Each structure stands twice: as structure tokens, then as C-alpha cells.
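Engineer: Shown below is the structure under consideration.
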Amino acid sequence: MTSTLPIVIAGGQHAPIDVDTNGDFGLSSNTGLSVISQKLQSARCDSQPFPKSQNQCKGLHLPMPSGVNPYAAYPFMLHQQFQLPWNIQIINSRLTLHSIHYQGDAVINLKSCHECEGLLTNNVVEGIRNRIERGVHENSPLAYQSIAGLIELVQRKNEQLQILRLTKHTISQRLATHVKTIDEYKKFVMVLGEGKMSV
């Protein structure tokens, strides 16, 4: 008696194979392994979003100002805040955007497909480029800040807190001095009132 059990490949199709109830494949070892290998290979091919090709889209390169690292300058949290129509890739400090609408069609005489090229006119991409070049206003939502911007904000807040601590300490010392002076003045007035003070 033979039953069909599916083998599931992540991202691919079900690849059913025949398995005997006693654990044998019901075929000679060489033939069985050959059939399984062919089905697994077919499932792997089905799981790929599109075939790799030299004419495949290279994405949209987002240039960085001189001396700026994309890991520090790109606002990664925007992808959690909004549903942006692109994915990002950073290789050797080169930031590339890939449109999620690219279907794997071959690109002829171009490095980027029309979907990726269209990202150049996307308002969010334009805003990201402007903020990378000119900086992000400190009152902007934190999601628009880059990692470097967030670190700078934290450092600035820490400096402000340190100044406040020092100011508080200085004021506390001055108040303590004033309290001591007032106590001594009160004692002087009491002694003077009792007529115990001799000239």
C-alpha cells in the first residue's frame, strides 16, 4: 500500500513523492533518489522569485555625500512607520533601492528597470535625499532620523542633563550657604533681644 506525502519547500510548491508504509520508497535506491532529486530541484526553481541574469535590474543607487556612511545616514525606521514601495541593499557602503514592483523582467541596455527608476520621483525618496544632504531638523519625528542623527540627539540630551545637574548642585550649595547665614543672623537677633550681648 502506497500513500502520498507532500514535501514542502519554503517559498515553493508542494512536491509529492510516493512513500511505502514500511519506510521504503518502493523503487530501487538509485531510481528513487533520482526521482526525489529531480522533484526537489524543481521545487527550488519554483521558489525563486525570478531567474538570475546579467540583464537583471541593478536597482536604484542612492549616492551619499562625501564621507557619509549609508548605515549611519539612512532612516531605517521609516520602513516600520510606513509601507514604502522599495527594499534596501547596502554592499561595500553602496546603498541601492529595489522597487517591490519589479517582476524580474530582463533590462535591456539599462542598469535599472522602470519601476526602480521611478523611485527617483518618489516624494519620500526625495525627502530622504534632502535630509541626508542637509540634515534632519531636531523637532522632526524620530522615525525620520538616521542612526547618526539619533545618536547625536541622545548625546545632546545627555549634555543638557549634565548641565542641569551641575546647575542644580550649584544652586543647592548656594541655598545651603544662605540658610546657614540666615540661621546665624537669627541667633544674633535673639541674643541682641535678650540683652546678653556685651560690647
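The values are calculated or read from the model by the stated rules, or taken from the named source; none is laboratory data. Model, not experiment: these values are computed from the prediction. With ideal geometry, Cβ positions are generated from the backbone for all residues, glycine too; neighbour counts draw on all protein chains shown.
Engineer: Of the conditions (1) among the aliphatic types (A, V, I, L, M); (2) within 23 Å of residue 79 (Cβ to Cβ); (3) without any contact (Cβ under 8 Å) to a residue 60 or more places away in the chain, residue 171 satisfies every one except a single condition; which number is it?
Structural biologist: Of everything listed in (1) among the aliphatic types (A, V, I, L, M); (2) within 23 Å of residue 79 (Cβ to Cβ); (3) without any contact (Cβ under 8 Å) to a residue 60 or more places away in the chain, residue 171 misses just condition (2).
Engineer: Quick check on the range 134-148: of everything there that is touching a Pro at 6+ places or on another chain (Cβ under 8 Å) and not aliphatic (A, V, I, L, M), which residue is nearest to residue 72 (Cα to Cα)?
Structural biologist: Looking at residues that are touching a Pro at 6+ places or on another chain (Cβ under 8 Å) and not aliphatic (A, V, I, L, M), I get 146.
Engineer: Going through the range 117-162 one residue at a time, which ones are acidic (Asp, Glu), closer than 23 Å to residue 58 by Cβ and without any contact (Cβ under 8 Å) to a residue 24 or more places away in the chain?
Structural biologist: Across the range 117-162, the qualifying residue is only 126.
Engineer: May I ask you to verify whether residue 56 is assigned to a loop (DSSP other than H, G, I, E, B), modelled with pLDDT under 90 and surrounded by 13 or more Cβ atoms within 10 Å (Cβ to Cβ)?
Structural biologist: Working: assigned to a loop (DSSP other than H, G, I, E, B): yes; modelled with pLDDT under 90: yes; surrounded by 13 or more Cβ atoms within 10 Å (Cβ to Cβ): yes.
Spelling it out, residue 56 is indeed assigned to a loop (DSSP other than H, G, I, E, B), modelled with pLDDT under 90 and surrounded by 13 or more Cβ atoms within 10 Å (Cβ to Cβ).
Engineer: Within the range 66-100, take every residue that is of a type in the set (Val, Ile, Thr) and not in a loop (DSSP other than H, G, I, E, B) and give me the one that is surrounded by the fewest Cβ atoms within 10 Å (Cβ to Cβ).
Structural biologist: Taking the range 66-100 first, the residues of a type in the set (Val, Ile, Thr) are 68, 88, 90-91, 96, 100.
Filter once more, so that each one left must be not in a loop (DSSP other than H, G, I, E, B): 88, 90-91, 96.
Working: 88: 15, 90: 13, 91: 7, 96: 18.
The qualifying residue surrounded by the fewest Cβ atoms within 10 Å (Cβ to Cβ) is 91.
Engineer: Would you check if there is a residue in the range 168-185 being out of contact with any strand residue (DSSP E or B) (no Cβ under 6 Å at 6 or more places or on another chain) and modelled with pLDDT of 85 or more? Outline the logic, then answer.
Structural biologist: Going through the range 168-185, the residues out of contact with any strand residue (DSSP E or B) (no Cβ under 6 Å at 6 or more places or on another chain) turn out to be 168-185.
Still in the list and also modelled with pLDDT of 85 or more: 171.
There is at least one residue in the range 168-185 that is out of contact with any strand residue (DSSP E or B) (no Cβ under 6 Å at 6 or more places or on another chain) and modelled with pLDDT of 85 or more.
Engineer: Check 138, 126 and return the single one that is surrounded by 12 or more Cβ atoms within 10 Å (Cβ to Cβ) and of a type in the set (D, E, K, R).
Structural biologist: Values: 138 fails: surrounded by 12 or more Cβ atoms within 10 Å (Cβ to Cβ).
Result: 126 is the single residue among 138, 126 that is surrounded by 12 or more Cβ atoms within 10 Å (Cβ to Cβ) and of a type in the set (D, E, K, R).
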